[in-house]
Amino acid sequence: MAGLTADWIKASPEFKGKVYLYTFGAPRVGLNGFATKTTGRVDKIFRCIHGADPVPKIPVWPFYHAPITGAEYLLERTQDIRLSAHSMITGPGYINTANQQSWDNVYSQTVANLRKRVVLNYQHRIHTTYSAGWADKIAAAIVTLLVDGGFAATVGALQASGAAIGTVYDVMAKSVATIAKMNAELQDRVKGLLGCMLVYAGKGANYAIKYTEQFIRWVFNITIARIYAAARQALKQQ
């Protein structure tokens with residue numbers, strides 16, 4: 001609500017002051033266009049997260065955070081997924097980790113957002129971890145593959161549309177299945193992507209890869225379901 005409210009206030013012609021937006025463990029709130037406009041409108045955005053908090057990782061692409069640049073304040077650097085990381089009070093608690101005299105004392109970074117090229121290697125899939133960083137890496141790899149496979153227009157349309165997540169990933173699964181049939185190089189990249197997603201989803205490194213639309217959609221489903229389940233559990237604990 002904070003992000004939506006800040007954008008609404010700043011867009012109002014009656015309001016002439018500055019707007020500073022502070023969020024702690026907030027989810028993504030809009031598509032690419034909304035995140036870009038909010039970044040340009042709001043005077044300063046302090047997006048604070050804990051590295052292990054699953055909530056900032058949802059909704060999945062094509063939703064984005066503002067600022068669109070990926071800038072964030074990382075108040076706690078643990079990267080595995082932990083439900084307690086979303087708490088305001090305990091384990092470690094945003095109230096505690098944000099208790100600094102100056103923002104200059106808080107670690108800030110620019111995360112690898114979905115505009116960064118990422119190619120995943122099947123032989124390295126065992127290095128995949130169930131972590132916030134890998135959630136971002138997998139999402140960026142999907143976008144990179146779609147663009148390199150000639151589906152840049154599809155990426156643009158999905159980022160601009162208001163389609164349901166299920167519909168978005170139906171389109172993506174069909175596109176990835178098509179890309180896998182184009183040539184051996186792209187098929188290897190699809191294999192690397194699916195292999196890493198299976199490890200991330202908890203299915204292990206020895207699952208047989210298939211290049212059918214049905215199998216790819218299933219891999220998308222279980223990967224998304226795991227991060228969404230963690231986020232729901234974290235929110236319930238509040």
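FYI, it's all coordinate maths here, none of it is from the lab. Model, not experiment: these values are computed from the prediction. A quick note on method: Cβ atoms are made from the backbone with ideal geometry, for glycine too, and the neighbour counts reach across all protein chains shown.
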Inset, instruction - Measure nothing fancy, just the Cα-based angle from helix 132-148's long axis to the longest principal axis of the chain, in degrees from 0 to 90, nearest 10. - result: 60 degrees
Legend entry - Over 24 Å (Cα to Cα) - which of K37/K116; K137/K210; K137/K174; K37/K174 fall in this group: K37/K174
Inset, instruction - Compare the Cα positions of C48, L146, A184 along the charge dipole of the chain (+1 at Cβ of Lys, Arg; -1 at Cβ of Asp, Glu; about the Cα centre) and return the one farthest towards the positive end. - result: A184
Inset, instruction - Report the full-extension gain for the segment T90 to T110: residue separation times 0.36 nm, less the Cα-Cα distance, to one decimal in nm. - result: 4.6 nm
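Let me have the 222 nm mean residue ellipticity of the chain computed from DSSP H runs of 4+ only, each contributing -39500 (n - 2.57), with the sum over all residues rounded to the nearest 500.
-14500 deg cm²/dmol, from helical runs alone.
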Legend entry - Net charge, G17 excluded, C-beta distance under 15 Å - Lys, Arg +1, Asp, Glu -1: +2
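Antiparallel as a % of all DSSP beta bridges within the range 1-151, to the nearest 5?
45 percent
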Inset, instruction - Report the residue, chosen from S102, S84, S161, that carries the largest GNM mean-square fluctuation when the chain is represented by alpha-carbon nodes joined by springs under 10 Å. - result: S102
Legend entry - Within the range 1-126: Cβ-based charge dipole about Cα centre, in debye rounded to nearest 20 (Lys, Arg +1; Asp, Glu -1): 420 debye
Inset, instruction - Excluding residues on the same chain fewer than 8 positions from K203, give the lysines whose Cα lies under 16 Å from its Cα. - result: K191
Legend entry - Euclidean distance of C-alpha centroids, the range 1-73 and the range 115-154, integer Å: 24 Å
Legend entry - Computed lengthening from Q123 to F15, 0.36 nm per intervening residue step minus Cα-Cα distance: 33.4 nm
Inset, instruction - Taking the chain as the reference, fit the longest principal axis to its C-alpha atoms, fit the long axis of helix 32-41 to the helix C-alpha atoms, and give the angle between the two in degrees, 0 to 90, nearest 10. - result: 20 degrees
Inset, instruction - Might you report the magnitude of the Cβ-based charge dipole of the range 122-236 about its Cα centre, with Lys and Arg at +1 and Asp and Glu at -1, to the nearest 20 debye? - result: 380 debye
